[in-house]
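Q: Before I ask anything, here is the structure I am working with.
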Amino acid sequence: MEQALLHWGHKWRGKRIIMHIDNRAVAYAIENRTIRGVSMNVLRRCLLLAAECDLVISTQWIPTKDNILADALSRLDFDRVAKIAPQLIYPATILRDLGFWIYSKRDTPT
């Protein structure tokens, strides 16, 4: 969610965003604007980004079995994405071209 807000938030200004989420705890946290632990920092950043872009964020919980593509994309599991939706991979879209960063040592800018 944070990456989406960073990349497209300004284009969605003034809109209502419905996040389809397969994690009940995350859906609850977004709807209630609170969560315990370290995850609160991520939620806080997302809510601040949403506020800066004048966005209203709500959630709709979807079971993982009904949300397999989103689950694979959120885990950056591109082998699984290629099996589920090869049109998203071939021709490949490089996430960096969309403004996303993959966090690993091999992907750090030089």
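Q: When residues of segment 50-88 are filtered for being assigned to a helix (DSSP H, G or I), free of Cβ contacts under 8 Å to residues at least 24 places away in the same chain and in contact with a helix residue (DSSP H, G or I) (Cβ under 7 Å, 6 or more places away or on another chain), how many remain?
A: Matching residues across segment 50-88 total 8.
Q: Within segment 51-78, how many residues are at pLDDT below 85 and in contact with a His (Cβ under 8 Å, 6 or more places away or on another chain)?
A: Looking only at that region, the number is 2.
Q: In segment 42-81, which residues are surrounded by fewer than 15 Cβ atoms within 10 Å (Cβ to Cβ), over 17 Å from H10 (Cα atoms) and among the acidic types (D, E)?
A: D66, D77, D79
Q: Do you know which residues across segment 1-32 are free of Cβ contacts under 8 Å to residues at least 40 places away in the same chain and over 22 Å from D71 (Cα atoms)?
A: K11, N32, listed by residue number.
Q: Among the residues of segment 32-39, is there at least one that is modelled with pLDDT under 85, in a helix (DSSP H, G or I), under 13 Å from E2 (Cα atoms) and assigned by TED's automatic domain parsing to the domain that holds E2?
A: yes
Q: On to the next question. Does segment 79-90 include one or more residues that are at pLDDT 85 or above, among the hydrophobic types (A, V, I, L, M, F, W, C) and either in contact with a Phe, Trp or Tyr (Cβ under 8 Å, 6 or more places away or on another chain) or assigned by TED's automatic domain parsing to the domain that holds M19 (or both)?
A: yes
The values are calculated or read from the model by the stated rules, or taken from the named source; none is laboratory data. Only a predicted model underlies this, so the values are computations on that prediction, with no experimental measurement involved. Please note: Cβ atoms are built from the backbone with ideal geometry, for glycine as well, and neighbour counts cover all protein chains shown.
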